[in-house]
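Notes follow the structure.
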Amino acid sequence: MAAEQGRRRRLSLRWRIVFVATAAVAVALAVGSAAFVGVLRESLVAGVQLTAERDAAEFVGQVETTGASSVDTDADDDEQIVQLVAADGSLVASSDNADDGPALSLPELRRTDVPVPADDVESTPTPSSSDDDDDDSDSGNSGRGSSDDSDDGSDDSGGSSNSSGSAPTSTAPAAPQPTTTPVLIDDTTTATVTDSDGASFVAVARTATESGSGRELWVVAGRSLATVDGTISTVVGLLAAAVPLLLIVLAVTIWFVVGRALRPVDRMRQQVDEVTASSLDRRVADPGTDDEVGRLAHTMNRMLQRLDDSRRSQNRFISDASHELKSPLASLRQYAEVARAHPDRISPDELSAAVLDEGARLEGLVQGMLVLAKADERMLTRPATLVDLDDIVFAEARRLRRSTSLTVDSSAVGAAQLHGDVALLSQLVRNLVDNAARHAVTTVALAVRADDADGTVTLVVDDDGAGVPEADRERVFERFVRLDEARARDGGGSGLGLAIVREIAAAHGGTVAVQQAPGGGARFVVTLSTS
């Protein structure tokens, strides 16, 4: 098994295509050649048989018209044989090129499974005028007749008179004569026979009633199959020489055609093999065709583009994450250094508050990065747990009222349930609410509505801030992207909140979009599937 697998690995696709295609054509040619030779032989034999049947019909006409002696058995045609066979199987006449015996034996001539008594065929039939004669002879005996006009009025003295008025003649009672009846079952019999020299003939036998004697004869006419055998031998020889030559030409043609077709693929393989992590901007050459090879090149270029975009996004993510992590770490280090060098300038309460604040920022940043990493690996799953989205929104509204002086309007929150992850949906709502609180001037409005007809739940979060410019409404969902006015550190944003919202919404079969609120601020609309 291992050797066979190794052999398969050593064979290139080019060789495998050549072998499979050539083998398939070879099988088709072999089957087709055999069928062609068989059909050709049958056609030629049928032609020879038709000629033999015509010969037999001609000889039958001669026998029934002028007698057996009129049949020319001395013809110089070596392709033809003619025999006259009596009903008992004896040979009456035969051409010089035929064997001494009949071409067809008596059982073949009769072609019947009905047993025939041997005494039925021991002698040829003779015409009889006796009133006791049977009329069972074959229809070919119609040339013979029996006289039923003989003396019905004869007595024991044997006197009789005929219709002409001649004197009666006395005769002694005749001894019963044996009656022979030839059994000629079929009118025509055809067979292929071989003579003592090994030559094959198509023999056609037909019954005939000889003129004059009225005896039944089989007329056997044969035609040699030597011409047929010679033609078939020639055709087989030509096929035996032509088929291998054709297969060789076919294999060579397939080899070059497949090689030419796969040459662009080999070039693409070499080009892709040269692509490294630092050169993902390289692309394979476009063959300029709209076939499978051209589509493969386009697919590989799109794959390389995705890899390049992923690498750029990853590098940007790492750079932004490093920058975001560096800020709280630098702040913690600064507070620690000041407290160590000047203990009197910072109280323990101030130091604890600073550490807790920056620690919370670090925790939120790491948590957000973890969620996005799971989203990249498609690990954000949607469990079948039934979640009350309105309860989550009401909880966030209460938290926002306690922690800020903003007016929080939750009057448009209606009952809505969907299947999902409670923790992820809570994070989605919190990120939107915190984003609205950072940009709102006085009011944050929350709304939830369920659409049973569409099987969706819609969450709307409005603020009365400056809004999001239309040019930035898609970019705002990218990672570590913050608009200019939100760059201040006291805003508290890491640039990951809205990116996390979009990933969580996508994991729940939904979308998120930003619009302009009726009051002029930003409106974030999240549509989630309930199932």
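Bear in mind these aren't lab numbers, they're just calculated from the coordinates by the rules spelled out. Remember, it's a predicted structure, so these values are computed and weren't measured experimentally. Here the Cβ is made from the backbone with ideal geometry for all residues, glycine too, and neighbour counts use every protein chain on show.
Cβ-to-Cβ counts within 10 Å put His323, His298 in ascending order as His323, His298, the fewest first. Per-residue extension of 0.36 nm, minus the Cα-Cα distance of Thr381 and Asp72, leaves a gain of 100.9 nm for this segment.
Annotation: the residues Val444, Val408, Val257, sorted from fewest to most other C-beta atoms within 10 Å of their own C-beta, follow the order Val257, Val408, Val444. Taking the stretch 497-517 and a reference point 7 angstrom along Cα→Cβ of Ala471, the backbone N atoms nearer than 19 Å belong to 514-516. Pairs of alpha carbons in the stretch 276-379 separated by more than 15 Å make up 75% of all such pairs.
Stretching Asp388 away from Val243 to a fully extended chain increases their span by 44.4 nm, per 0.36 nm per residue minus the current alpha-carbon distance. Between Ser352 and Glu292, the FRET efficiency from the beta-carbon distance, with R0 = 60 Å, is close to 0.35. Peptide packing for 469-476, 82-89 was compared via the average number of neighbouring C-beta atoms within 10 Å per residue; ordered from the highest value, the list is 82-89, 469-476.
Computed across the stretch 386-529, the Kirkwood hydrodynamic radius from all distinct Cα-Cα pairs reaches 15.1 Å.
Between Leu307 and Phe19, the simple label model (points 7 Å from Cα in the Cβ direction) yields a spacing of 3.1 nm. In the stretch 340-433, what GluC sites (Glu not before Pro) fall in a loop by DSSP, with at most 12 other Cβ atoms inside 10 Å? For GluC sites (Glu not before Pro) across the stretch 340-433 that sit outside H, G, I, E and B with at most 12 neighbouring Cβ atoms in 10 Å, the list reads Glu377. What the Cβ-Cβ distance of Val481 and Thr253 gives, at R0 = 56 Å and to the nearest 0.05, is a FRET efficiency of 0.40. Loop-resident trypsin sites (Lys or Arg not before Pro) (DSSP state other than H, G, I, E or B) in the stretch 285-388 with no more than 13 further Cβ atoms inside 10 Å of their Cβ: Arg345, Arg378.
Rounded, prolate or oblate, given the Cα gyration tensor of the stretch 217-348, with a/c below 1.5 counting as rounded? Taking the square roots of the gyration eigenvalues as a ≥ b ≥ c, the stretch 217-348 is prolate.
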